[in-house]
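Okay, structure first, notes after.
The values are calculated or read from the model by the stated rules, or taken from the named source; none is laboratory data. Small disclaimer: the values here were computed from a predicted structure and weren't measured. Ideal geometry is used to build each Cβ from the backbone, glycine not excepted, and the neighbour counts take in all protein chains shown.
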């Protein structure tokens, strides 16, 4: 995933939705992202993320929220936060990405030329256009797909 977006990571603000262990957001920080916000509904996962951030000495660049993705997206919108890169790696085959894209359309928390990276099952079908977002790249890695979305106005 990071080989695809490497030039965009340096100095970016990253949102890691469905963060799990936080590995994707932490990888972004280790590659020069300015900040990362992590959402996971599991308190145990958020504890692991905080431990991983402390271990990598990246805690000062991060915020971790034990929160549902929908409430988290709305919280960032109300706070006026904008992100350059939004990473989503939800449980597969549950339509979470489609629901999150709906919320991201409603709650504008992405900078104009930002990207959304969705990791999902090859069986989890995503539309090429979703609200204002357009899939600009999709790659298959075994049973996993990585789809990159941009705002349709900025996909050139």
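Overview of results
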item	result
Output for the range 58-75, where each listed residue is assigned to a loop (DSSP other than H, G, I, E, B) and surrounded by 16 or more Cβ atoms within 10 Å (Cβ to Cβ)	58, 67
Count of the range 39-78 residues which are in contact with a helix residue (DSSP H, G or I) (Cβ under 6 Å, 6 or more places away or on another chain), closer than 12 Å to residue 17 by Cβ and free of Cβ contacts under 8 Å to residues at least 40 places away in the same chain	4
Single residue of 66, 56 found to be within 20 Å of residue 97 (Cα to Cα), over 15 Å from the mean Cα position of the chain (by Cα) and at pLDDT 95 or above	66
Residues being assigned to a strand (DSSP E or B), in contact with a helix residue (DSSP H, G or I) (Cβ under 6 Å, 6 or more places away or on another chain) and over 20 Å from residue 25 (Cα atoms) - total across the range 113-132	1
Test for residue 134: is it surrounded by 13 or more Cβ atoms within 10 Å (Cβ to Cβ), closer than 20 Å to residue 13 by Cβ and in contact with a strand residue (DSSP E or B) (Cβ under 8 Å, 6 or more places away or on another chain)	no
Selection count, the range 76-108, where residues are in a helix (DSSP H, G or I), modelled with pLDDT of 90 or more and surrounded by fewer than 16 Cβ atoms within 10 Å (Cβ to Cβ)	2
Leading residue by the ranking (nearest to the chain's Cα centre (by Cα)) among those in the range 139-151 that are part of a strand (DSSP E or B) and surrounded by fewer than 14 Cβ atoms within 10 Å (Cβ to Cβ)	139
Hey, residue 36 at negative phi, crowded, with 21+ Cβ neighbours inside 10 Å and in contact (Cβ under 8 Å) with a residue 40 or more places away in the chain or not	no
Residue 24 vs. criteria part of a helix (DSSP H, G or I) and either buried (at least 16 other Cβ atoms within 10 Å of the Cβ) or free of Cβ contacts under 8 Å to residues at least 12 places away in the same chain (or both)	yes
